[in-house]
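Peer 1: After the C-alpha cells below, expect a handful of questions from me.
Since every read-out is calculated from the coordinates, none of them should be taken as a lab result. Please read these numbers as outputs of a predicted model, since none were measured by experiment. Don't worry about glycine lacking a Cβ; one is built from the backbone with ideal geometry, like all the others, and counts go over all protein chains shown.
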2 protein chains.
Amino acid sequence: MTKREYAFNIVATFVKINKQMPVKMLTYRSRIQQDDLYSIPISDFFQSAFSVDCVIFGYHEGELKVLLIERGTEPYKNFWALPGDLVYPNEDLNASALRILKDLTSLTHIDVKQVHTFGRVDRHPLGRVITVAYVALVETQDLVPVASSWASKIKWHTLYRLPKLAFDHREILDSSLDDLRKLIKSEPIWTKVLPEKFTLTQLQLLFETVLNKQFDKGNFRKKIRGMKFLKKLNESEKSVAHRPSIYYKFDQPKFNEQKDGDYVFDL
Amino acid sequence: MTKREYAFNIVATFVKINKQMPVKMLTYRSRIQQDDLYSIPISDFFQSAFSVDCVIFGYHEGELKVLLIERGTEPYKNFWALPGDLVYPNEDLNASALRILKDLTSLTHIDVKQVHTFGRVDRHPLGRVITVAYVALVETQDLVPVASSWASKIKWHTLYRLPKLAFDHREILDSSLDDLRKLIKSEPIWTKVLPEKFTLTQLQLLFETVLNKQFDKGNFRKKIRGMKFLKKLNESEKSVAHRPSIYYKFDQPKFNEQKDGDYVFDL
DNA sequence: AATTATTTTTGTACATATTACAATTAGTAT
DNA sequence: ATACTAATTGTAATATGTACAAAAATAATT
C-alpha cells in the first residue's frame with residue numbers, strides 16, 4: 001500500500017464516521033467533493049495537524065490497566081494504540097479529550113488532565129502531527145464498550161505486559177504513567193474509582209497499585225487522620241468475617257481549603 | 001484594517017524575515033508566488049496551526065523578570081507579548097523553543113522545559129492556533145539584545161507590574177510561573193543563573209525570589225548539608241567586610257544519582 | 001456460649017526532621 | 001585592639017516518620 005493510499009484510508013474513514021471533513025481538510029471544503037478525495041495530492045493535506053491522545057487508566061480492586069484500541073486503518077493497521085483523534089476546528093482541547101473519553105466509555109464528568117505534548121518531526125509517518133496527551137483514571141468496570149469511530153477492537157491491557165504500540169504511543173504511555181503518579185498525589189482524581197463511601201483499606205490498595213509501592217497499614221492511617229478532607233462516617237462494613245471497616249468519604253469543600261495552602265498527599 | 005489585511009501582514013513579515021513560507025503556507029508553495037499573497041482567500045490559511053511560546057524568566061540578584069517583546073504587526077500590534085513563533089515543518093517542538101531563545105538572547109545550552117499547551121478555540125483572532133508553552137530561567141544580564149524576527153522592542157518586565165498582554169499570554173505567563181516554581185524544586189534549572197562557584201546566601205536568595213517566600217538562614221543551610229550534589233569548596237569570598245562565605249558548586253553526577261531515588265528539593 | 005480466625009484499628013517507642021532562635025566565628029573597617 | 005557585619009554552627013522544643021505490637025470487632029467454628 002502506498003503512502004497515498006494510507007492517507008486516503010484515514011481521511012475516508014474519518015469522513016464516513018464523523019460526516020465531516022477532518023480539520024486539515026476544511027481548507028478544501030469549498031473546492032472539492034468528498035468523492036474527489038483521490039484527486040488531492042497527498043502533499044496537500046496532512047502536512048501539519050494536531051490531535052489529542054487519551055491515556056485512560058482503569059482501576060479495579062488492585063489492578064491498574066490502560067485502555068487501548070486496535071487500529072482498523074493504516075498506518076499501523078492492526079496495531080494497538082492509544083485512543084486519539086484530530087481536534088475539531090471549533091472544539092477546545094479539553095473538550096476533545098472529554099469527547100474521546102465519552103465515545104469510548106460513555107463516561108462523563110471525569111477529570112481529564114493535560115500532561116505533555118509530543119511533537120517529534122517524524123512521529124507520524126504521513127506528515128507533521130503533534131499530539132497533546134491527556135490522562136484520566138476510571139473504574140475498569142465502568143467501561144461500556146461502544147462501537148467507536150476508530151476502533152476495530154477495544155480492550156483493557158495490563159500495564160506490565162503490553163503489545164507493541166502504534167506511533168510513539170509507548171513513549172506517551174510511559175510518560176503519562178509518571179504524570180498520573182504525580183497527579184494522584186495532589187489532585188483527587190481517584191475519587192471516581194472508589195465508591196462514595198470507601199474503607200481505608202480500599203484507599204490504601206488504590207494508592208499502592210497506582211504508585212507501585214507498599215505502605216504500612218498503621219502509618220497510612222495516621223496520615224489519613226491529618227487529612228481534613230477525608231471524613232469518617234458513622235457506618236461500617238456488614239457481614240465480614242472480621243472486624244468491620246469504617247467507611248470514609250471525600251469532602252470536596254474541605255479539600256479546596258487545604259489545597260490553597262499548597263497541600264500535597266506525599267505518600 | 002480588515003481581518004484579511006491582518007493576516008497578510010503576518011505572513012508577509014514572516015516571509016520577509018525568514019525567507020520561507022510559514023508552516024501553513026507550505027501547502028500552497030507549489031502553486032503560488034510570494035507576491036500573490038493577496039489572491040489567497042483568508043479562509044485558506046491560518047485555519048489551524050501550532051506555535052511555541054517561550055516564557056523566559058530572568059533572574060539577577062534577587063529580582064525575577066520575564067522577557068517580553070512588543071509586537072510590530074497585527075493582531076495586537078503594539079501590545080507586549082511572550083516571544084513565540086510558528087514551528088517549522090521539519091523542526092522538533094523543543095528545537096523550536098531553543099531557536100526562539102537563541103534568537104532573542106543568543107544563549108545556547110539552556111534547559112527549556114515544556115509545560116502546558118493552550119488551545120482555546122478563540123485564543124487567536126485569526127483562526128485556530130494552539131500553542132505549546134516552554135519555560136526557561138536565565139541570568140538577566142546574559143541577555144544580548146538582538147534584532148529579532150518578531151520584536152520591535154524587547155524588554156525585561158518586573159513580574160508584579162505587567163502591562164496588558166496580547167492574546168491569552170497573561171494566562172500562559174501565570175500558569176508558567178506556577179510551573180517554574182514546581183520545576184525549580186526538582187530540576188537543577190537554576191544552575192545557569194548562578195556563577196559556577198556560588199555562596200549559600202546567593203542560593204537562598206535565588207530560591208526566595210523565585211518561590212516568593214522567606215527561609216530561615218540556619219535551617220536552609222542544614223537542608224543543603226543533606227544534599228550530596230552541593231559540594232563545599234575550599235575557597236571563600238575575599239574582601240568582604242564580614243566573615244567570608246564559602247563557595248559551593250553543583251555536582252551533576254551526584255545529582256543524577258539522587259534523582260533516581262525520586263528526590264525533590266522540597267524547600 | 002465460648003473459642004478461634006481474621007482483619008481493622010489504635011498505640012507506643014524510637015529515630016529523624018523541622019522550627020525558631022541564640023551563640024560563635026572570620027573576616028574588614030576604624 | 002576593638003567594633004562591626006554577615007556567615008556559620010549549635011541547641012532545645014516540637015513535629016513527623018517508621019517499625020512493630022497490642023487491642024478490638026465481627027463471623028465462623030467448636
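Peer 1: Name the GluC sites (Glu not before Pro) in the range B:176-252 that are in a loop by DSSP and that have at most 11 other C-beta atoms within 10 Å, would you?
Peer 2: Here the GluC sites (Glu not before Pro) that fit, given the DSSP loop and packing criteria, are B:Glu196.
Peer 1: Moving to a separate point now. Which is farthest toward the positive dipole end of the range B:194-260 among B:Tyr248, B:Gly226, B:Thr209, measuring Cα position about the Cα centre, with Cβ charges +1 (Lys, Arg) and -1 (Asp, Glu)?
Peer 2: Of the listed residues, the answer is B:Gly226.
Peer 1: Net charge around B:Asp111, counting only other residues with Cβ within less than 10 Å of its Cβ (Lys, Arg = +1; Asp, Glu = -1)?
Peer 2: +1
Peer 1: Go through the range B:89-177 and name the trypsin sites (Lys or Arg not before Pro) that are in a DSSP coil and have 10 or fewer other Cβ atoms within 10 Å of their Cβ.
Peer 2: B:Arg161, B:Lys164
Peer 1: With +1 on the Cβ of every Lys and Arg and -1 on the Cβ of every Asp and Glu, and nothing else charged, how large is the dipole of the range A:194-260 about its Cα centre, in debye rounded to the nearest 20?
Peer 2: Dipole size: approximately 240 debye.
Peer 1: The range A:229-267: which chymotrypsin sites (Phe, Trp or Tyr not before Pro) are DSSP loop and have at most 16 other beta-carbon atoms within 10 angstrom?
Peer 2: The qualifying sites are A:Tyr263, A:Phe265.
Peer 1: In nm, what is the difference between 0.36 nm times the number of residues separating B:Lys228 and B:Arg181 and their Cα-Cα distance?
Peer 2: Fully extending the segment from B:Lys228 to B:Arg181 adds 14.7 nm.
Peer 1: Determine the relative contact order of the range B:194-260: mean sequence separation of Cα pairs under 8 Å and six or more apart, normalised by residue count, in whole percent.
Peer 2: Relative contact order for the range B:194-260 comes out at 36 percent.
Peer 1: Sticking with this one: Starting from 0 in steps of 10 Å, tell me what percent of the Cα-Cα pairs of the range B:194-260 lands in each bin.
Peer 2: 19, 49, 30, 3, 0
Peer 1: Which part of the range A:236-258 falls in the paramagnetic zone of A:Lys217, meaning amide N under 14 Å from the point 7 Å along Cα-to-beta-carbon?
Peer 2: A:241-246
Peer 1: Any aspartates and glutamates with Cα under 12 Å of the A:Lys164 Cα? List them, leaving off those in the same chain fewer than 8 positions away.
Peer 2: A:Glu70
Peer 1: What lysines does A:Lys222 reach when the alpha-carbon gap must be under 25 Å and sequence neighbours fewer than 8 apart in one chain are set aside?
Peer 2: Filter leaves A:Lys182, A:Lys185, A:Lys192, A:Lys197, A:Lys213, A:Lys231, A:Lys232, A:Lys238, A:Lys249, A:Lys254, A:Lys259.
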